[in-house]
Each structure stands twice: as structure tokens, then as C-alpha cells.
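Bear in mind these aren't lab numbers, they're just calculated from the coordinates by the rules spelled out. In this text, all values refer to a predicted model and were calculated from it rather than measured experimentally. Here the Cβ positions follow ideal geometry from the backbone for every residue, glycine too, while neighbour counts run over all protein chains shown.
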Amino acid sequence: MSLEKSFSIGYDFEGIVIKRIPMLEKSLTKISLDTLKHIVKIHTKKKSRFSIFVLGRMAEEPKVSDYLTYLSKTNKYADIQQHGYSHTLFKYHSLKGHPISLETMDKEISDTNVLIEEITGEKPKGIRAPIGFYRGFQGEKERLKILRKNGLKFISSDLRGPNDQYPAPWKDASNRYRQPYFYKREGYAEILEIPTQGTIDVRMKGISKSNKTKSLTIEEELKYYISNIKFAFKNNLNYSTVFHPWAIAYNDKDLFILNNLLDYLVRKRIQTLSYIDIYKQSI
Ligand SMILES: [Zn+2]
């Protein structure tokens, strides 16, 4: 396996509604879980690896933890990692303001490590930082120290463009492609950042509170992912995405996008990697 010409999907499993959406309010945990089960079925059928970043608060729900335990024991395509405990800010954010303290961040991560370890029997190796930032944890030595203390080997936090806005560009300010990198400059050469490129499902579906844009149809959203995959393929890059089961439930109950996306990848013989696969490929 190589990172070149690869595609990765990470599902942030959180059950959070950013804007109040009546159809999702009935039972968000149930809707998120039902959608995740459907997602898992499709990935398994198409033999496609993927990652689930579980919010600690979700992992405490008995139905969720039972299912994830079952999944970790029976499914070789799923990679289960963490998303913090309660979806807080780990770093200053231009649109959302000040972060939680170092102490609280440590607790957010260590509590979720315990919950995930109870589920999978293994301590998580990776985390998706809630919200996401421009340049990820670059320059954040104290925050990286907390990751090391908690045994985390990779983080996906570099998810946005300048001023913490979407989309996250393909190239950084030095005109280099934004691809997985280690936090060497900060003294944490063993911690890998897995950036994502482009915009996210929540925004394309028109249910994001910030960065309001015209919502796309599911056909247009599919086209958007495929155009990015083509770009990555042409330039020998990895394209990593952020999906949300609750957002998928909002306008794509039959999982039209995922079904067609994975079919496209199979046809084009493009490999799908989970985030742990990216980490293992990078060390
Ligand atoms: Zn999230």
C-alpha cells in the first residue's frame, strides 16, 4: 500500500446537530447509529476500509458501545478511533473563539481513551480534533504534549483553510500539497497529522451554522468528491475526507453518495485506506 492515489473516509460519529433540524431531533443517537450500521454494511460489501472517530458522549450510550464492540470483533474494514469527549475546541479558532484549558483537554482525551478501550479492547491511536483548524496543531507544543501523554500517534486536525474557513485547500501557503506530515518542528516527530482537503458534507448539505453556502443536491455532492479523487489521482496524492452519519441521514437516507462513490473507486481500482492505514504507511 502507498499513500499515493488513495482515498480515505473518516466518519465523525457524534450525533450533534449544529443547527436545529426537526427531522433529526427525535432521536439523534438512534438516527446516527442506524446510519452508521448502514454505512458499515456498504463498506463491508465493497471491501473498503474506513475510520470511525467516536465522541466519548456517544460511546457511553449502551446501544452504541454494544454495536461498536461487536464491530471491532467482527469487521476487518472498520478502524475505531476517538473524537474527544464532548466536542470542545482544542485550539484557538478564528470563528469559534477560545479553546478549553490544557487540563480539560487532557481529561476530554483520557476519558474517551478509557471508553474506547472498553469497547475495542485497545487504546485508540488516533483522534479527530472536533471542529478542525487551519494548519492543525502546528506550533501547539503544549497541546501536542497532551496527545503524547495519552499515547495518541496520529491526529486529524488540519481540516480548514486560512482564517479557519472551509474549504481546506490542496496546497499550503508555501505552495506544497497538504499531505500527512509529522510534527517534527514542534519536537513531536512521532505524531502524524492527517489533513483533509476540500469542504465537508455538513456544509454541502446546507446545515452548517457558519460558512453558509448554497446547498448541493446529492448528485452534485457526489460529483464534488469524484472531482477531488480525480485531482488526487492525477497528482499522486492522498485525499482524506470528513463525513458525519447524522448529516448523511439528513438528505441521503439510502446512502446514494457512498454507494456510488465506492463503486466508482472499485471501477477505477483506487484504494481506500482507513486513517490507521495512513499512519502505518507513514511510519
Ligand atoms: Zn465533530
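From the Kirkwood radius over Cα pairs of the stretch 151-283, Stokes-Einstein at 20 °C and 1.002 mPa s returns a whole-number translational diffusion coefficient of 134 µm²/s.
Considering only 100, 248, 155, give the residue with the highest GNM mean-square fluctuation for the chain, with springs between Cα atoms whenever their separation is below 10 Å. Largest GNM mean-square fluctuation: 100. Building the convex hull from the alpha-carbon atoms of the stretch 208-283 and averaging its projection over directions returns 6.4 nm². FRET efficiency for the residue 223 to residue 44 pair, using the beta carbon distance and R₀ = 30 Å, is estimated at 0.75.
The label point for residue 174 and the one for residue 123, both projected 7 Å from the Cα toward the Cβ, are 3.2 nm apart. Residue-wise HN-Hα couplings along the stretch 170-187, as the Karplus relation 6.51 cos²θ - 1.76 cosθ + 1.60 with θ = phi - 60° gives them from phi, are 6, 10, 8, 5, 8, 6, 9, 4, 7, 10, x, 8, 8, 7, 5, 4, 8, x Hz; Gly and Pro carry x. Scanning residues 5 or more positions from residue 156 or on other chains, those with amide H under 5 Å from its amide H are 127, 128, 129, 194, with H placed 1.01 Å from N in the peptide plane. For the stretch 233-283, trypsin sites (Lys or Arg not before Pro) meeting the loop criterion (DSSP other than H, G, I, E, B) and having at most 12 other Cβ atoms within 10 Å: 253, 269. As a length-normalised measure over Cα pairs under 8 Å and 6 or more apart, the relative contact order of the stretch 89-191 settles at 25 percent. A cut-off of 5 Å between modelled amide H atoms, ignoring neighbours fewer than 5 places along the same chain, links residue 239 with 6, 7, 8.
Anisotropy class assigned to the chain is rounded, per the alpha carbon gyration tensor with a/c under the 1.5 cut-off. Looking at the stretch 147-185, the trypsin sites (Lys or Arg not before Pro) that sit in a DSSP loop and have at most 10 other Cβ atoms within 10 Å of their own Cβ are 176, 184. 3J(HN,Hα) along the stretch 241-249, derived from phi through the Karplus expression 6.51 cos²θ - 1.76 cosθ + 1.60 where θ = phi - 60°, amounts to 10, 10, 10, 10, x, 5, 6, 4, 5 Hz, with x in place of Gly and Pro.
If the segment from residue 231 to residue 266 were pulled out straight at 0.36 nm per residue, it would be longer than the present Cα-Cα gap by 10.9 nm. Residues whose amide H comes within less than 5 Å of that of residue 183, counting only those at least five positions distant or on another chain, are 191, 193 (H built at 1.01 Å from N in the peptide plane). Converting phi to 3J(HN,Hα) with the Karplus coefficients 6.51, -1.76 and 1.60 and the offset θ = phi - 60°, the stretch 65-70 yields 5, 4, 5, 5, 5, 4 Hz in sequence order, with x at every glycine or proline. Taking other C-beta atoms within 10 Å as the exposure proxy, 89, 102, 258 rank 102, 89, 258 from fewest upward.
In straight-distance terms, cross-link reach from residue 149 covers every one of the lysines whose alpha-carbon lies under 18 Å from its own, apart from those fewer than eight places away in the same chain; here that gives 91, 107, 123, 125, 141, 184. Of all DSSP bridge pairs formed entirely within the chain, close to 20 percent run antiparallel.
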